[in-house]
Every structure is written in structure tokens, then in C-alpha cells.
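The values are calculated or read from the model by the stated rules, or taken from the named source; none is laboratory data. These numbers come from a predicted model, not from an experiment. As a convention, Cβ positions derive from the backbone with ideal geometry for all residues, glycine included, and neighbour counts pool all protein chains shown.
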Amino acid sequence: MKALSLALLMSLSSLAFAQADVSIQSNVSKAQSGFYNYQFGPYKIVALQDGSNQLNRELFNQNISNEERTALFQQLNIENTLATSVNAFLIDDGHSLMLVDSGAASCFGDHLGSVAKNIEAVGYKLSNIQTVFLTHLHPDHVCGISNAGKAVFPLATLYVHEDESKYWLDPNTVTTLPSASQQKFKQTVIHIQQAIEPYQKTSSFRTFKDGAVINGLEVINTTGHTPGHRSFKLVSGDQTLVFLGDVVHSHQLQFEQPKLSVDFDTDPVKASETRIKTFDALALNKSVVAAAHLPFPGIGQIALNGNLKYKWMPLGSPATPATPATPATPATPATPATPATPATPATPATPATPATPATPATPATPATPATPATPATPATPATPATPATPATPATPATPATPATPATPATPATPATSALINPSAEKALPEVVEVANGTVAEPVVNETVKKVSESTNISIQESIRKEVTHTTEATQ
Ligand SMILES: [Zn+2]
């Protein structure tokens, strides 16, 4: 019973959580389109839309021949420009808020720069963000951390790979670049310095090395787009979610032709190698991907689609078999479903009736055989001892003594006494049985006690395991 009620309690409490999740998600669906909530294990992931950019197709000009590019554009009906999202992601682990990239703010014009506004639209305060991970320092990822020389996230610590910091902030870097690239590089550095300056003043700008794990996020080396470009992996159970950064800039071109690199990759060849290697790993592991430049919300999965070809399966895509599809759909249907189920758990209470098996205890009524003890009264047949009186017939012996021999038949009555005696003999064993019965009772009680003890142990065990499990899950 205890185990049953415990299980019932637990299933009801999990239903309550499920309902809570559903209500959160349904609120999201009614909210503005600038953010999107995605539950990944214990983590609430919020995709934040910074805006959308138009990239000229001619920017995709690295690593393949012009003939191949032209054929690819024709094959995919790419005419002039490609619409490219700019996304950032917020991670709420229940204890702290983290941000991966921050959007472009005003560095590229009014069509971008909505990350901060959308964080507030979700209901978070900008001052509650404690950590900002930067996949790299390009302005469309870093400008959003500051506004007019002030930190947008005043209590946050920034993290960027040491190679990235060195590349952009070392004054000698520009001298290593072709002269044609130097002016653009210098302009980019100005944006970066303006963005990070408020954080440097409060010692909140930090670098990390490969192999680092920061607030539960593992660093993945995805160099190529920039020297210190890194992605971040979040793990929940056997599932992984990777914040990809700029490994890919166009879902139309680079899944079909992953060798194709974009003009602003600092190392187009390395960027291409990283893209193929990363796509393979993500597809193999069925990882959830959150990408900065894939169509908003930029969350989905990557699948193999032939030799060196891949396919982007956005969140909620019918082709997506795994978890990403489920969070979207359960949102609405789950709510009606859940109220129904709590009703049924109530009936499981009736399983309590299995307690009626306790009625088998009535077999205890066999104890009534104790009543056979009354046969003990046959002991009264001891009175047949009176047949001893037939001894008196001895007197009639004088007259019809021969006839009286018939009376010896009366000794037959002694025969009855003979029948009675056996019953009297039976009476003893029955008494013994009764005695056994009374002795047996403590045995039964002992058995019941043992069963109840073992049940208690198993309940305690299951509670202990549950608590352990919960504790582990919480960790
Ligand atoms: Zn970018």
C-alpha cells in the first residue's frame, strides 16, 4: 500500500511538472516571435532573434571552383542574396542565466540588434545574466554586450578563447595580414574594443583554453572561421546540445556543399575541414544544434544526406525523428491529456482493494476447527463406562442364562464404547492440532511481520534509491 501510494504520489507530482512545462510552453507560443523556448533536459534554452541579414551569394566564394559555384547556385535556385538569421541563445539552468553570443546591437544597422530587447520580452532582467560565452569576436556576436560604452549585462563575466582574444586584440596582428584586408580588420577591432571595454574595466573579460568546462559547458574546437572560434557543448543524460557559432552561414548552400567557405572566414580551408568534421560528429551523435546563422530559431539537427552532403532538419520538422520534434507538439495536446490522467490514477487507489486479499486471512477461520475441540465432549462417552453395569446381568444368570447370552450382544454396546474411544483418541490429535493452530498463529504473525518488514525495507530501499536518483539527476 505504502509503495503503491508512493508511486501514485510520484506519478501525480510528475504530472504536475509536466503541466507546468506545458503552461510555460503555451505562453511562449503566444509570445512575440523574437524568442523561442526549448527545453533541453533541465535546461531552458531560449533562442533570441537579433534580426535577419541579406548575404550576397558572391560572398560564398572560397574552396570550390567558379564552375562548381555556378552549378550549385543553379541547382539550388540561388539568385542574388541569401537571407541569413542572426541568433543568440540564453541558457537558464534554474540557478543562473548564461548567454551564448549577443547579436550585433547597432554595429550593422537597424535590421539587427534585438537580442537585449528579446531577453527582456521573455521576462528576464539583463542584470541577471551572469555569464556570456562568445563563440568568437566578430561584431555580429560581440556588439550586443555593450551600448554606448556601457555594459548591457553589468554583472556578467565574458568568456572567449585565448587565441581569439590574442588575434583581435594584439596590435601586431594587422601587420601579418594582406594590405587589402587591413582596413576592414581595423574597423572590426574598433567594434570589438568598444564592446568589451566596460567588461575589461571590471575585470569581467576572461579567456579560456581548449579542454575548459565553464558552468557545465564544454569547449569544442571549431577553429577556421576565426582562429579562436569555439563551440560549446551542453550535456543532459545521453543527449548533447551544441551551440555551433559560425561553423555554417547558409543552410541552403553549405549542407549541400560543405566545402564551400564564406569570404569572411579567416582560414577558408580550415573552416571547411572543421565544418565537415563537425557536421559528421553532430549527425552521428544526433546532437541538437543551436546555430547563430541558421533560420530562426536556429535549433534542429544535422543528418547525413549522401557522400559529403548533409541536411538541416529544423526544430519541429516532420523529418526530425528525435527529441526536437516532441517539445513543440506536446505543448498544446498535453494539457487536455494530463487532466484526464490524474483521474485514472485515482482509480489505481482501488488497487488498494488488493488489500482485500487480506481477506484470505479468513482462512484463519480454519481456526474454527478449534470447535472440533467440542468433540472433546465425546469424552463424556466415558459415561458408557456405565455399560459396566451390564455386569449386573450377571444376576439374571440364574434363570434364562442361556437367553441372556444374547445380551452378551450388549457387549456390542461396549463396541460403541469402542467407537467412542477412537473418537476420543481422535479428540487428542485434534486438540494437538488446535494446539498447533494456536502455536501456528505466532508463526503466521511472524511471517506477516517478516513480510511487512521486508516490504518496509523494499519501500525504504525504493525511497532511498529514488532520493539518490533525484539527487544525482539534480547534480
Ligand atoms: Zn557571425
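Here are the numbers for the structure shown:
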item	result
Any hit, segment 190-200, residues being free of Cβ contacts under 8 Å to residues at least 40 places away in the same chain, within 16 Å of the ligand (Cβ to nearest atom) and touching a Phe, Trp or Tyr at 6+ places or on another chain (Cβ under 7 Å)	no
Single unsatisfied condition, VAL262 versus (1) touching a Leu at 6+ places or on another chain (Cβ under 6 Å); (2) within 13 Å of the ligand (Cβ to nearest atom); (3) closer than 21 Å to SER96 by Cα	(3)
Where a residue in segment 230-249 is outside any strand (DSSP E or B) and its partner, wherever it lies, is among the charged types (D, E, K, R) and more than 13 Å from the ligand (Cβ to nearest atom), with Cβ under 7 Å and at least six apart	VAL247/ARG275; VAL248/ARG275
Qualifying residue in segment 77-86 (condition: buried (at least 18 other Cβ atoms within 10 Å of the Cβ), in the same structural domain as PHE208 (by TED's automatic domain parsing), away from the ligand (no atom under 16 Å from the Cβ) and closer than 26 Å to PHE208 by Cα)	no
Number of the condition not met by GLY224 [criteria: (1) over 16 Å from LEU137 (Cα atoms); (2) surrounded by fewer than 24 Cβ atoms within 10 Å (Cβ to Cβ)]	(1)
Top-ranked residue in segment 227-241 [being crowded, with 24+ Cβ neighbours inside 10 Å and hydrophobic (A, V, I, L, M, F, W, C); ranked as nearest to the ligand (Cβ to nearest atom)]	PHE232
Per-region count, segment 284-301, residues surrounded by fewer than 23 Cβ atoms within 10 Å (Cβ to Cβ), part of a loop (DSSP other than H, G, I, E, B) and either hydrophobic (A, V, I, L, M, F, W, C) or over 32 Å from the mean Cα position of the chain (by Cα) (or both)	1
Hits in segment 242-283 - residues which are charged (D, E, K, R) and surrounded by fewer than 21 Cβ atoms within 10 Å (Cβ to Cβ)	GLU256, LYS259, ASP263, ASP267, LYS270, GLU273, LYS277, ASP280
Some residue of segment 282-292 being more than 13 Å from the ligand (Cβ to nearest atom) and within 22 Å of ASN56 (Cα to Cα)	no
Verdict on LEU90 being buried (at least 17 other Cβ atoms within 10 Å of the Cβ), more than 16 Å from the ligand (Cβ to nearest atom) and hydrophobic (A, V, I, L, M, F, W, C)	yes
Within segment 36-87, tally of residues that are touching a residue at least 60 places away in the same chain (Cβ under 8 Å) and in a loop (DSSP other than H, G, I, E, B)	8
Residue selected from segment 122-168 under the condition of a type in the set (Ser, Thr, Tyr) and more than 16 Å from the ligand (Cβ to nearest atom), by the criterion surrounded by the most Cβ atoms within 10 Å (Cβ to Cβ)	TYR159
Which numbered condition THR223 misses (of (1) over 30 Å from ALA283 (Cβ atoms); (2) in contact (Cβ under 8 Å) with a residue 12 or more places away in the chain; (3) touching a helix residue (DSSP H, G or I) at 6+ places or on another chain (Cβ under 7 Å))	(1)
LEU97, sole failed condition from (1) over 18 Å from ILE299 (Cα atoms); (2) within 16 Å of the ligand (Cβ to nearest atom)	(2)
Flag if GLN62 is within 16 Å of the ligand (Cβ to nearest atom), among the polar types (S, T, N, Q), over 40 Å from the mean Cα position of the chain (by Cα) and modelled with pLDDT of 95 or more	yes
